Amino acid sequence: MPASTSRLSRPTAPAAVAQKAEDQRPRRIHIAGDSTASQKYAPAAPETGWGMALPWYLAPGIEVVNHAMNGRSSRSFVAEGRLDAIRDVIRPGDVLLVQFGHNDQKPEPIGTEPWTTYRSHLLLYLDAARERGAEPVLLTPASRRRFGDDGNAVGTHGLYPDAMRALAATEECVWSTSPR
């Protein structure tokens with residue numbers, strides 16, 4: 001068989017080309033959370049969410065996609081279709097940071113119970129990230145500005161941080177915690 005014929009008969013590798021392009025794209029960190037992480041605009045200054053500052057601490061080429069919204073709980077974020085929107089754009093190799101708890105303490109219809117509905121809603125985030133080949137990371141709720149007479153932060157989130165840590169352990173999920 002002539003060399004030119006064998007070259008023509010070799011299969012092309014569009015999947016390999018697509019994978020190379022995928023490997024060269026910037027890694028993205030998605031944030032699902034409440035007001036403590038959300039984008040704030042000039043009228044809210046000096047209020048800022050930690051998600052606004054995160055890019056300053058990352059290496060060049062890592063993009064932050066902040067989906068966090070004021071007033072959302074793990075339940076209302078899902079009910080509004082915001083988790084579905086993340087699922088539509090998250091890609092293999094991306095990271096999904098999940099931080100809820102402040103508004104989960106509110107009553108129905110947005111509130112959850114730490115060991116039942118909070119846990120089941122957090123599992124939806126873990127599943128969505130994993131379905132798309134992304135790495136989910138659970139973040140306990142950011143501490144509120146409440147301090148004891150000794151000047152130390154006072155925990156205000158009840159059992160929600162404990163429920164999240166327990167879920168992270170059973171799901172073998174990466175997690176991070178804020179000071180109590």
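What follows draws every value from the coordinates through simple rules; no lab data is involved. Remember, predicted model here, so these are calculated numbers, not experimental data. All Cβ positions, even for glycine, are placed from backbone atoms using ideal geometry, and neighbour counts span all protein chains on display.
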Given H placed 1.01 Å from N in the peptide plane, which residues other than close sequence neighbours of K106 have an amide H under 5 Å from its amide H?
T112
To the nearest Å, what is the center-to-center distance of the stretch 118-150 and the stretch 54-98, using C-alpha atoms only?
11
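Quote to one decimal, in nm, the extra length available between R25 and E80 on full extension: 0.36 nm per residue of separation minus the C-alpha distance between them.
16.9 nm
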Contour minus Cα-Cα span, D149 to E172, at 0.36 nm per residue, comes to 4.6 nm
The stretch 96-156: trypsin sites (Lys or Arg not before Pro) in DSSP loop, at most 16 other beta carbons within 10 Å
R144, R145, R146
